[in-house]
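Working notes, beginning with the structure itself.
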Amino acid sequence: SEVELADGARMHFPLLDFHLAPSATSRLIASRILEILLPTGAILLESGESYHGWGLALVEEPRLLEFLARALLFAPIVDRAYVAHQLLERRCALRISSKANEQPAPRVVG
């Protein structure tokens, strides 16, 4: 999630992993949680097994940690183990690719 800007500042894209099987209802729930946590906008990805959120606005580390802490309030819908690992690392990471020949590539659904 970490990017370095031209002026040397380090910022982060807020990323989130949901623990929801894909369905119309799950998509609505994940979208609503992203609206609450990331009011400046986010992309919702469906991976075939679950959903993932990608915040559109870069944030500084303190704001990223606050975002992750607030995300824990939505456990078990939000994957709490994912959030705990990201808090420890002080950055986010998601593998956004499909497993070879097993499922389609992740797609934007919201």
Hey, A42 hits all of (1) under 19 Å from V108 (Cβ atoms); (2) out of contact with any strand residue (DSSP E or B) (no Cβ under 9 Å at 6 or more places or on another chain); (3) among the small types (G, A, S) but one; which does it fall short on?
(2)
Within segment 33-46, residues open to solvent by less than 50 Å² (accessible area, probe 1.4 Å) and of a type outside the set (V, I, T) come out as L34, L37, L38, G41, A42, L44, L45, E46
Specify the residue that is least open to solvent (accessible area, probe 1.4 Å); the eligible residues are those in segment 22-32 that are in contact (Cβ under 8 Å) with a residue 60 or more places away in the chain and over 22 Å from L65 (Cβ atoms).
S31
Any residue in segment 47-63 that is in contact with a helix residue (DSSP H, G or I) (Cβ under 6 Å, 6 or more places away or on another chain), closer than 17 Å to R10 by Cα, modelled with pLDDT of 95 or more and open to solvent by 50 Å² or more (accessible area, probe 1.4 Å)?
no
Of all residues making up segment 4-21, the number that are out of contact with any Phe, Trp or Tyr (no Cβ under 7 Å at 6 or more places or on another chain) and open to solvent by 10 Å² or more (accessible area, probe 1.4 Å)
10
Name, by its number, the condition in (1) in contact with a Gly (Cβ under 9 Å, 6 or more places away or on another chain); (2) under 15 Å from D17 (Cβ atoms); (3) at pLDDT below 95 that does not hold for P104.
(2)
Filter segment 79-93 down to the residues that are closer than 11 Å to L64 by Cα, open to solvent by 50 Å² or more (accessible area, probe 1.4 Å) and touching a residue at least 24 places away in the same chain (Cβ under 8 Å) and list them by number.
R90, R91
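The values are calculated or read from the model by the stated rules, or taken from the named source; none is laboratory data. Not measured: the values here are computed from a predicted model. Cβ atoms come from the backbone with ideal geometry, glycine included; neighbour counts cover every protein chain shown. Ligands, DNA and RNA are stripped out before the accessible areas are found, and what is left, the full protein with its side chains, is counted by its heavy atoms. Shrake-Rupley method; radii C 1.70, N 1.55, O 1.52, S 1.80 Å.
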